[in-house]
Every structure is written in C-alpha cells, then in structure tokens.
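Have a look at the structure below, then the notes.
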Amino acid sequence: MEVIRSLIQNLIIIVILAVFLEMLLPAGEMRRYVKMVMGLLIIVAVIQAAGDLMHRDYSSDLPSLTEKMTDERLSMIMESGKKISSEQEQKAIEQYKRGLANQVMAIANINKELPVVDAEVMVNSEKEGANYGQINRIVLFVEKEPGKFDKQNGKDNASIIEPVTVRVGQKAEQKEPVEAEPGPPDEAAAGLIKTVANFYNLKQEQVDCVYR
Amino acid sequence: MDIMQIVAIGLIATVLIVVVKSQRPELGVLLSLVAGIIIFLLVLGKIGSIMDVIMDLTARAEINMVYLGTILKIIGIAYIAEFGAQISRDAGESAVATKIEFAAKIMIMVLAVPMIVAVLQMLLKLVP
C-alpha cells in the first residue's frame, strides 16, 4: 500500500513538473522540438517510478554527452591531482636532500681536522629512471678561517676593522692582484672525502670539498 | 509593478521603432534588440525562483538532475534562437532567421540524443 502511495505521489509530481515546464516552452517553431524532448523526460520519470514499484532498477547509464562533460571534469581533477602529486614529490625530494645533508654534516664533523659548516647533496630527480633518488654528488663546505666564528662557544670573534682614511690629491696605491685561495689541506680533505664517499658507497670523485 | 515597466518599455520601443523605421530602418533593428535585452534583464532576477521550484519538483520526483539540466539548456537554446530569428525576420532577413532556427534545431537534437538513448535503453530493459 505504501509503495502504491509513493508511486502515485511521484506521478503527481511528475505531471505538475511537466505542466510547469510546458509553460516555459517558447512559442513558435521551436515549441515542437522542445516538447518532444520534454516528453522523453516524462517517459523516463514514469518508467523510473514504475521500476521503483517493482523493485527494479530501470535507471540507465548516463547519456554519452553527459559522460563527456563528466570526463572533462574528471580530466581537470586528474590534472590538478597530478600537479599536487608532483609538487609533493618535489617537496619530498627537497626534504630528502636536507636530511641527507644533515647526515653528511654529522659524518663530516667526526673528522676534527676540517671544520665542515655546510653540505649540499645532489640527487637524481628523474622519476622515470631506475636511479631515482640516488646521490649524484656531495659538496662539503669548509670554513676558511675556523677561528673567525667559534661555533662551540657561540662567540663572534670577528676582527675589528681598521679605520679607512681617504686622502685627496694623492695617487691611489696599486695593489697587487690577490692570489686565488688555496683549497683545504690535501690530506685532511682526502680523508674527509674518503669517509663520506665510503659511507654512501660513492666514488671519491663524486664528493667535493670547497672553502666557503 | 514590474509588468507596467516592462509594458512601458515595450510600447516606447515600439513607438520609437515605428517613427525611426521610415527614416532609418537599421536603427529600428537596433532599438528592437535593445528593448529585447532590457526586458530580458528585467525578468532575469525572477527566473531564479522558478528554477528553485523546478529543481525541488525534480528532486521530489527522483529524476536525475542531468535530465533537468538538458531540458533547461534546450529551453534556453529555443528562446535565444527565437529571439534572434524574430529580429532577423523584423529586419526583413527571413533567410537568416531560417538558418538560425535550423542551427537551434540541430543543437536541440544534439542535446536530446543522449536522452533518446537513455529512454530506448530503459524501454529495452522493460522487455522481458
């Protein structure tokens, strides 16, 4: 009884909807066409209501044009998903590089001969390759003047700058070109490079040690 | 009363078009176009309440909203095409009006095709 009541209610609503929609139809040549499509809608609604009575699902798949619209939306969602995913991967790689750099710093600081202040790790970021995430190169930055900044004590031991005197009318003194800074001591650097390279199973050429 | 405004706009436009048409027929077409747009804009705000009722009825009848969307699009196409075709006819360009109507019919059919397929599938499912 309840089912029949529901069916009749649905049919009443469908009839009212049909009348309401028919009032919206334009006059003239177009009316026939719109009326035909509206008739189809009524047929669909009535069959669905009747199907509910018989506990059968007559609702068909979504029409093809609608599916196409859904596909467009889906592709937009997929595209934005891919974008977010690539951003996340980029962030993950950055975090991985930072983590590795910290680890390299910790290993390098075991060596007391050279004060390593920073480390840069370059990893393979090509997703397609089998070596994705593998370490390509490690650069260790060594403090040129260890006494300049005492990290242990946190004291800044910067030297006092001498006052500059500007003399007018005199020829400027020509300074001799400054020679290129020598790299860290060979033995110490080699030991450091070997330690880091061995730990990460890298070739020694892949690890560099430079002055900051 | 909005209807008074709309009728007034319509009558003023009609008088202007009749006066202008004898001297400058091209201005008559433009005036007709402007009057049509103004009247449409005046009733645009009220369409929302009609849409609410229709959507409520559709939800109660448990009809897929996609079908209602298609019907509303078709009604919109029909109105716009009628509007364009009438203006073209008023300007004496019946050939253009016929072409506008033809294009509208094609677009309506394109939108109706999925619905026809859906009805066909449903009817075939009914057959034991």
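The values are calculated or read from the model by the stated rules, or taken from the named source; none is laboratory data. The structure presented is a predicted model; accordingly, all values stated were derived computationally and were not measured. Don't worry about glycine lacking a Cβ; one is built from the backbone with ideal geometry, like all the others, and counts go over all protein chains shown. To get the accessible areas, we keep the full protein, side chains included, count just its heavy atoms, and leave off ligands, DNA and RNA. Shrake-Rupley method; radii C 1.70, N 1.55, O 1.52, S 1.80 Å.
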Considering residues of the range B:41-51 that are farther than 26 Å from A:Val44 by Cβ and surrounded by fewer than 14 Cβ atoms within 10 Å (Cβ to Cβ) only, the residue farthest from the other protein chains (Cβ to nearest Cβ): B:Leu41
Cβ-Cβ under 8 Å pairs, at least 6 apart or on other chains, the range A:90-111 side in contact (Cβ under 8 Å) with a residue 40 or more places away in the chain and assigned to a loop (DSSP other than H, G, I, E, B), far side hydroxyl-bearing (Ser, Thr, Tyr) and open to solvent by less than 70 Å² (accessible area, probe 1.4 Å): A:Ile110/A:Thr195; A:Asn111/A:Thr195
Any hit, the range B:89-111, residues being hydroxyl-bearing (Ser, Thr, Tyr), in contact with a Pro (Cβ under 9 Å, 6 or more places away or on another chain) and either more than 8 Å from every other protein chain (Cβ to nearest Cβ) or open to solvent by 40 Å² or more (accessible area, probe 1.4 Å) (or both): no
Count of the range B:52-70 residues which are loosely packed, with under 12 Cβ neighbours inside 10 Å and more than 22 Å from A:Gly51 (Cα to Cα): 1
Any chance B:Val29 is under 21 Å from the mean Cα position of the chain (by Cα), in contact (Cβ under 8 Å) with a residue 60 or more places away in the chain and surrounded by 13 or more Cβ atoms within 10 Å (Cβ to Cβ): yes
Pair list, Cβ under 8 Å, 6 or more apart: the range A:128-148 residue outside any strand (DSSP E or B), other residue at pLDDT 80 or above and open to solvent by 90 Å² or more (accessible area, probe 1.4 Å): A:Gly133/A:Tyr96
Answer from A:Val19, A:Val3, A:Val44 - the residue that is buried (at least 16 other Cβ atoms within 10 Å of the Cβ) and either more than 7 Å from chain B (Cβ to nearest Cβ) or out of contact with any Cys (no Cβ under 8 Å at 6 or more places or on another chain) (or both): A:Val44
